[in-house]
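S.K.: Quick one: the structure is below, and I'll ask about it shortly.
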Amino acid sequence: MTADTLQIEVQQTSKSRLQEVDFNNLVFGRNISDHMFIAEYRDGQWNDSRIIPYGDLSLSPATAALHYGQAIFEGMKAYKNEEGDVLLFRAIDNWKRLNKSAERLCMPTIPEEIFMNGLTELLRLDAGWVPSQPGCSLYIRPYMFATDPYIGVKPSDSYYFIIFTSPVGTYYAKPPRVKVETHFIRAAEGGVGATKCAGNYAGSLYPAKLAQQEGYDQLIWTDAREHAYIEESGTMNIMFLLDKKLVTPYVSETTLDGITRKSIVAIAQHWGIPVEERRVSVKEIIDGLKDGSLEAAFGAGTAVVISPFATIAYEGVDYPLPEILEDSFVNKVKTYLTDLRTGKVDDVFGWMLK
Ligand code: PMP
């Protein structure tokens, strides 16, 4: 199957819901655009690529994904430039990461043509749903799940691959208070932490709920062996401005290879800022909070872009972070990423797709 031969049947909605959306008050994930893309895997290949009106699916109660968790997803965004063109940011990397998740979860990979053509056709049809308000974008959710309608622990023979989209505003209203988690873990070596499988998110809900009951917004995950090294924060990669350097845990088997993270690393290097990708101990961060060498700590991810933390809590003590100065790297890189994605600066890295 090539890009030219992939046939996508399109069934357009007879009743667009676009007029019902208040684009000035977008709540993350609440409004779903008019259409969705679907492909079905059976008999060893992907079939029936089509775009249909967004709506309910009819599934067997025995649907394999609901029992044994073969379910993976991606999260990405589309933006509008001043001319009204729809722009995608590093979409190929999301496609690659979905396939990495698929391999680890014993699921079929999705060909580039199906992912990219399905996505671009869907965006062409629902271009009106891409917000142009500052800070807003169209969140894109590609996902795959097992659909065999019988139970038994084994890789499913059939799957759905779906893409739907949702116009979104900004994610966190105010800088979050985060707590270093020293009991629960998100991932362990040999596990599935490097994938975007649904179970990773289910497993993180309970520890996050406990932290919220203690007055924190999010967790900082630490390594499973010693709880001595920092991995990620919530559903974001984590980065620090420490001793005038950008310091971030390296990507490993237990962390997600975040596209925002690697973009920030590339931009910092391009700007000549020293970057260290390495193991980051909880101790050095707490020491940096105490002696003032930690200028900022922030989460980086598609949903939030960059989210500077207000407080880091460790072993019952709250350590406030200094206020982010106007000319801080944190603000500069956030503005630069936003400008890049909305076509306001030259795409020197070759990351954008119109
Ligand atoms: N870590 C986890 C666990 C995530 O779910 C995400 C969001 N995809 C990230 C990091 C950030 O990755 P990205 O920048 O590609 O969104």
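The values are calculated or read from the model by the stated rules, or taken from the named source; none is laboratory data. Just so it is clear, the structure is predicted and the values come from calculations on it, not from any experiment. Reconstructed Cβ throughout: ideal geometry from the backbone, glycine too, with neighbour counts over all protein chains shown. For accessibility, only protein heavy atoms count, side chains too; no ligands or nucleic acids. Shrake-Rupley method; radii C 1.70, N 1.55, O 1.52, S 1.80 Å.
S.K.: Filter the range 121-151 down to the residues that are open to solvent by 40 Å² or more (accessible area, probe 1.4 Å) and part of a helix (DSSP H, G or I) and list them by number.
M.R.: Matches in the range 121-151: Glu121, Arg124, Leu125, Gly128.
S.K.: Now, a different point. Anything in the range 279-313 that is farther than 23 Å from Lys262 by Cα, open to solvent by less than 20 Å² (accessible area, probe 1.4 Å) and outside any strand (DSSP E or B)? List them, or say none.
M.R.: The answer is Ile286, Gly288.
S.K.: Which of the following residues is within 30 Å of Pro167 (Cβ to Cβ) and charged (D, E, K, R): Asp291, Asp217?
M.R.: Among Asp291, Asp217, only Asp217 is within 30 Å of Pro167 (Cβ to Cβ) and charged (D, E, K, R).
S.K.: Here's something else I'd like to know. Of all residues in the range 266-282, which are among the aliphatic types (A, V, I, L, M) and either near the ligand (Cβ under 10 Å from one of its atoms) or out of contact with any Pro (no Cβ under 7 Å at 6 or more places or on another chain) (or both)?
M.R.: Those that are among the aliphatic types (A, V, I, L, M) and either near the ligand (Cβ under 10 Å from one of its atoms) or out of contact with any Pro (no Cβ under 7 Å at 6 or more places or on another chain) (or both): Ala266, Ile267, Ala268, Ile273, Val275, Val282.
S.K.: For the range 328-349, give me each residue that is of a type outside the set (A, V, I, L, M) and in a helix (DSSP H, G or I).
M.R.: Of everything in the range 328-349, those that are of a type outside the set (A, V, I, L, M) and in a helix (DSSP H, G or I) turn out to be Phe329, Asn331, Lys332, Lys334, Thr335, Tyr336, Thr338, Asp339, Arg341.
S.K.: Give the number of residues within the range 36-61 that are aliphatic (A, V, I, L, M), open to solvent by 20 Å² or more (accessible area, probe 1.4 Å) and touching a residue at least 60 places away in the same chain (Cβ under 8 Å).
M.R.: Qualifying residue count, the range 36-61: 2.
S.K.: Would a scan of the range 287-300 turn up a residue that is in contact with a Lys or Arg (Cβ under 7 Å, 6 or more places away or on another chain) and either under 24 Å from Phe89 (Cβ atoms) or of a type outside the set (D, E, K, R) (or both)?
M.R.: yes
S.K.: Let me ask something else about it. For the range 163-265, which fully contained strands (runs of 3 or more DSSP E) count at least 1 residues that are of a type in the set (S, T, N, Q) and either more than 13 Å from the ligand (Cβ to nearest atom) or in contact (Cβ under 8 Å) with a residue 60 or more places away in the chain (or both)?
M.R.: 218-222, 230-233, 236-242
S.K.: Here's something else I'd like to know. Check His35 against each of (1) modelled with pLDDT of 95 or more; (2) within 16 Å of the ligand (Cβ to nearest atom) and name the one condition it does not meet.
M.R.: (2)
S.K.: Something else about it: Checking Ser233 against (1) surrounded by 22 or more Cβ atoms within 10 Å (Cβ to Cβ); (2) farther than 21 Å from Glu315 by Cβ; (3) not hydrophobic (A, V, I, L, M, F, W, C), only one condition comes out false. Which one?
M.R.: The single condition Ser233 does not satisfy is (2).
S.K.: Cβ contacts < 9 Å: first residue at pLDDT below 95, restricted to the range 343-354; second residue loosely packed, with under 11 Cβ neighbours inside 10 Å, any location; separation 6+ or different chain. Result?
M.R.: Gly343/Glu82; Gly343/Glu83; Lys344/Glu82
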